[in-house]
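In what follows, a structure is listed as structure tokens, so that the remarks can point back to it.
The values are calculated or read from the model by the stated rules, or taken from the named source; none is laboratory data. Owing to the predicted nature of the structure, the values given are computational and were not obtained by experimental measurement. Neighbour counts run over all protein chains shown; Cβ positions are idealised from the backbone, glycine included. The accessibility values were calculated without ligands, DNA or RNA, using every heavy atom of the protein model including side chains. Shrake-Rupley method; radii C 1.70, N 1.55, O 1.52, S 1.80 Å.
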Amino acid sequence: MLKSILFMLACLVFVAATPVKSGYDIGDVVADFKLKNVTGKSVSLADYKNSKGLIVVFDCNTCPYSKAYNERIIALNKKYAPQGYPLVAIQPNDPAQSPGDSFEEMIKQAEKKKYEFPYLLDETQVVSRAFGATNTPHTFVLKNEGGTFKVAYIGAIDDSSRDAAGAKKKYVEEAIEALLSGKDFPTLRTKAVGCSIKWKNA
Amino acid sequence: MRVPLSVILLLISLTLFAQPKAEIIKLKQLQEHIQAKTDKVKVINFWATWCAPCIKEMPLFEKLNAERQNVEVTLVSMDLDLDPNPEKVYKFLDRRKIKSQVLILDERDPNSWIDQVDKNWSGALPATIIINGKTGKRKFIERELHEGELEKLIAEVL
């Protein structure tokens with residue numbers, strides 16, 4: 001009896017002492033997730049077990065950077081879904097703090113922009129925390145390795161928030177093209193100015 | 001050549017009514033500002049006119065700037081990353097009657113310079129750096145600040 005109590009205490013101490021991880025790094029295995037889509041159905045990572053990979057974009061309706069990248073996000077899915085890299089958008093913001101990002105507004109946005117990809121609400125923000133998403137649109141390219149998804153790229157879509165035409169480096173496209181042809185690519189992580197995710201008040 | 005009177009009058013009126021405008025700077029100048037030695041505590045806040053939490057916390061920086069002699073507040077606008085026209089920033093500063101020093105950063109390709117400002121910065125706004133101008137001791141915070149927090153952070157670098 002005493003032994004088991006001590007063991008439980010030891011476990012508690014261990015859990016408490018584990019440092020908080022600030023999200024996935026390159027090469028990390030992505031845990032399965034299941035989130036509500038604007039269609040009303042749920043979408044999970046496991047649904048994509050037959051694709052070569054996945055483009056996950058933490059995105060929202062309201063952020064000016066999301067707006068600036070909206071057409072580019074739609075275009076990424078159009079170009080790469082047929083090549084085995086479909087796109088999934090996840091809305092991480094707390095609608096209580098950002099009413100324009102409510103589930104109802106997400107449905108409107110998906111209809112208006114004719115999204116051909118899931119637009120999921122991360123209601124508990126658990127998935128966004130697990131990824132370590134910080135801003136919108138924050139992009140993660142995942143590679144399917146025999147049923148497990150591993151992180152291959154984290155960061156910005158390209159180097160020109162202002163306009164697609166001004167982009168000199170198209171990070172996400174370069175990553176996927178390299179993955180498709182089995183080559184290495186130089187830029188695994190990038191940073192970009194963006195809107196911080198509106199986390200629920202603790 | 002004689003300059004028409006109307007042109008002279010126009011020039012005079014422009015000079016008289018022109019507001020002191022926020023300076024547009026490059027990364028190099030921003031780094032110089034961050035590294036500059038001073039007896040004061042430097043509070044450098046990164047913001048943009050489109051960023052709601054930035055605008056919500058701005059009165060805290062304004063209050064600090066007005067009340068604390070030993071603190072130097074700088075508000076660095078990131079607006080040009082998305083929109084090359086600084087007019088929106090000028091109008092905002094005018095309308096809100098912002099008194100703190102404002103710099104407008106004119107750099108593209110954020111991935112090439114965000115780490116040079118602070119390695120802990122993801123690039124998301126708002127973000128704030130607090131530096132002891134004498135010792136160089138610094139704190140970096142990437143989120144909206146609330147009443148009382150700035151005072152605590154300043155005390156931590158002293």
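Most simply put, the range B:22-157 has about 40% antiparallel DSSP beta bridges, counting only bridges with both residues inside it.
To the nearest ten degrees, helix A:64-80 and the longest principal axis of the Cα atoms of chain A are 80 degrees apart. Annotation: per residue accessible area for chain A equals 51 Å², rounded to a whole number [probe 1.4 Å, protein chains only]. In the range B:22-157, Cα pairs under 8 Å separated by at least six residues give a relative contact order of 33 percent. Normalised size of the range B:50-94, defined as Cα radius of gyration per 2.2 N^0.38 Å with N residues, equals 1.30. Axis angle, to the nearest 10 degrees, between helix A:2-17 and the longest C-alpha principal axis of chain A: 30 degrees. The packing ranking, built from the mean of other Cβ atoms within 10 Å per residue, places the peptides B:39-48, B:114-123 in the order B:39-48, B:114-123, highest first. Which of the GluC sites (Glu not before Pro) found in the range A:60-146 are in a DSSP loop and have at most 15 neighbouring Cβ atoms, other than their own, within 10 Å? Sparse-neighbourhood loop GluC sites (Glu not before Pro): A:Glu116, A:Glu123. Between beta-carbons, use under 12 Å as the cut-off and find the net charge around B:Glu57, counting Lys and Arg +1, Asp and Glu -1. Charge balance near B:Glu57 sits at -1. Under conditions of 20 °C and 1.002 mPa s, chain A yields 120 µm² s⁻¹ as its translational diffusion coefficient, taking Rh as the Kirkwood radius over Cα pairs in the Stokes-Einstein equation. Can you give the net charge of the other residues whose Cβ lies under 14 Å from the Cβ of A:Glu104, counting K and R as +1 and D and E as -1? Local net charge: -1. For the options A:Ser181, A:Ser42, A:Ser161, a Gaussian network treatment of chain A with springs between C-alpha atoms closer than 10 Å singles out A:Ser181 as fluctuating the most.
As a length-normalised measure over Cα pairs under 8 Å and 6 or more apart, the relative contact order of the range A:22-196 settles at 28 percent.
Taking Cα centre as origin and charging only the Cβ of basic (Lys, Arg, +1) and acidic (Asp, Glu, -1) residues, the dipole magnitude of the range A:22-196 rounds to 340 debye. Note that the range A:121-135 has calculated 3J(HN,Hα) couplings of 9, 9, 4, 8, 6, 5, 5, 4, 5, 4, 6, x, 5, 10, 9 Hz, one per residue in order, obtained from phi through the Karplus relation 6.51 cos²θ - 1.76 cosθ + 1.60 (θ = phi - 60°); glycine and proline are x.
Kirkwood analysis of the Cα pair distances in the protein assembly as shown returns a hydrodynamic radius of 22.7 Å.
In the context of the full set of protein chains, the range B:22-157 has a per residue accessible area of 47 Å² (1.4 Å probe). The helix-based estimate of mean residue ellipticity at 222 nm for chain A, built from -39,500 (n - 2.57) per DSSP H run of four or more residues and divided by its residue count, is -9000 deg cm²/dmol to the nearest 500. Averaged over the residues of A:56-64, the number of partner chain Cβ atoms lying within 10 Å of the residue Cβ comes to 1. Averaging the Cα positions of each part gives two centres, and for the range B:20-78 and the range A:56-78 these lie 30 Å apart.
In terms of its alpha-carbon gyration tensor, chain B comes out prolate; a/c meets the 1.5 threshold, and the first ratio a/b outweighs b/c. The DSSP beta bridges internal to chain A are antiparallel in roughly 70% of cases.
My understanding is that a pair violates if its Cα-Cα distance is over 26 Å; which of B:Lys40/B:Lys63; A:Lys67/A:Lys168; B:Lys63/B:Lys134; A:Lys67/B:Lys42 do that in this structure? Exceeds cut-off: A:Lys67/B:Lys42.
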